[in-house]
Structures are given as structure tokens and as C-alpha cells.
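Just below is one structure, and these are the notes that go with it.
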Amino acid sequence: MPLTQAHFQSWLDRYGETWRKKDAAGFANLFAESGLYYWTPFHEPKKGREGIAAAFSKAVANEADIDFGARILYVEAQLGAAHWSAAFTRPDTGKRAHYDGVLVVQFDTDGLAISQRQWWHSDE
């Protein structure tokens, strides 16, 4: 199926919802079984649902009161890009962290992410 703005927005909404809920399985299920998740352009990707879920669980372990939002920049063929922002509290310090970034997702014909690359900056 061709990627539509509606599908990409739905995917972004689920991405944010699973992050807020710290739902590792739900987050990983946004990706194809052999999906790749590049958290930064300089690190090896998290590979497959199991690897993505494990990395996600570790990342959100020290996050509370999570907020996430995204705005679609474009949808073309099977590729979608969005500007995103997130904020959360670090329970161990009580400090609020803010993140701002861009992500680009390539989808398969079933509407699952086969590759996600993101670039971000934080105030931490």
C-alpha cells in the first residue's frame, strides 16, 4: 500500500502513545520484524523487534511524565519525515529534559517501519 499522510500520522500517534506508556512491545510492533532503528546517525541501528524493544525499555527506564508531539514534514512514496519534540522528567534527579529532532521512516507495503533514522538534540 502506498504511504499516506493519514497512515504516517497514525503511526506517529502510536509512536508517541507507546513512548508515553513505556510500552516496549507496542513500540517494537511499529516496526517490521527485521526493522532497523537508527537512534542517531553515528551509532549502529537497533535491529529487529526484539532489539528495538530491549533498547527502548532501557531508554525509558529513567523517564516519567513523558510528552511527545510530531508534525509531518513530507510523505513521498514509502518515506515519511516529521519534526518531533519530547519532554520528560528524570525521576532520579527531578529534572525535566527536552528533546527536539527530525525522523525519517521508510515503510514496507504492510505499513510497518523497515527503517527509522533520527537526528535530535537535547538540553540535558
*asked:* Is it the case, given these coordinates, that Thr4 is of a type in the set (S, T, N, Q) and out of contact with any strand residue (DSSP E or B) (no Cβ under 8 Å at 6 or more places or on another chain)?
replied: no
*asked:* Can you find a residue that is farther than 22 Å from His121 by Cβ, part of a helix (DSSP H, G or I) and not small (Gly, Ala, Ser) anywhere in the stretch 32-40?
replied: no
*Filter the stretch 77-124 down to the residues that are aromatic (Phe, Trp, Tyr) and either under 18 Å from Thr40 (Cα atoms) or free of Cβ contacts under 8 Å to residues at least 12 places away in the same chain (or both), then identify the one that is surrounded by the most Cβ atoms within 10 Å (Cβ to Cβ).*
Trp84
*asked:* List pairs: first residue in the stretch 12-28 and aromatic (Phe, Trp, Tyr), second residue not in a helix (DSSP H, G or I) anywhere in the structure, Cβ distance under 8 angstrom, at least six positions apart or on different chains.
replied: Tyr15/Leu30; Tyr15/Phe68; Tyr15/Ala70; Trp19/Ile66; Trp19/Phe68; Trp19/Ala86
*Determine whether the stretch 60-75 contains at least one residue that is over 21 Å from Trp120 (Cα atoms) and among the acidic types (Asp, Glu).*
no
*asked:* Considering only residues that are over 11 Å from the mean Cα position of the chain (by Cα), buried (at least 20 other Cβ atoms within 10 Å of the Cβ) and small (Gly, Ala, Ser), which ones fall in the stretch 25-58?
replied: Gly35
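Give me the residue from the stretch 1-24 that is surrounded by 15 or more Cβ atoms within 10 Å (Cβ to Cβ) and charged (D, E, K, R) and, out of that set, nearest to the chain's Cα centre (by Cα).
Step by step, filter the stretch 1-24, then rank; the result is Arg14.
Coordinate-derived values only; no laboratory data. Every value quoted in this text rests on a predicted model; they were computed, and no experiment measured them. Cβ coordinates were reconstructed from backbone atoms using ideal geometry, including for glycine residues, and neighbour counts include every protein chain displayed.
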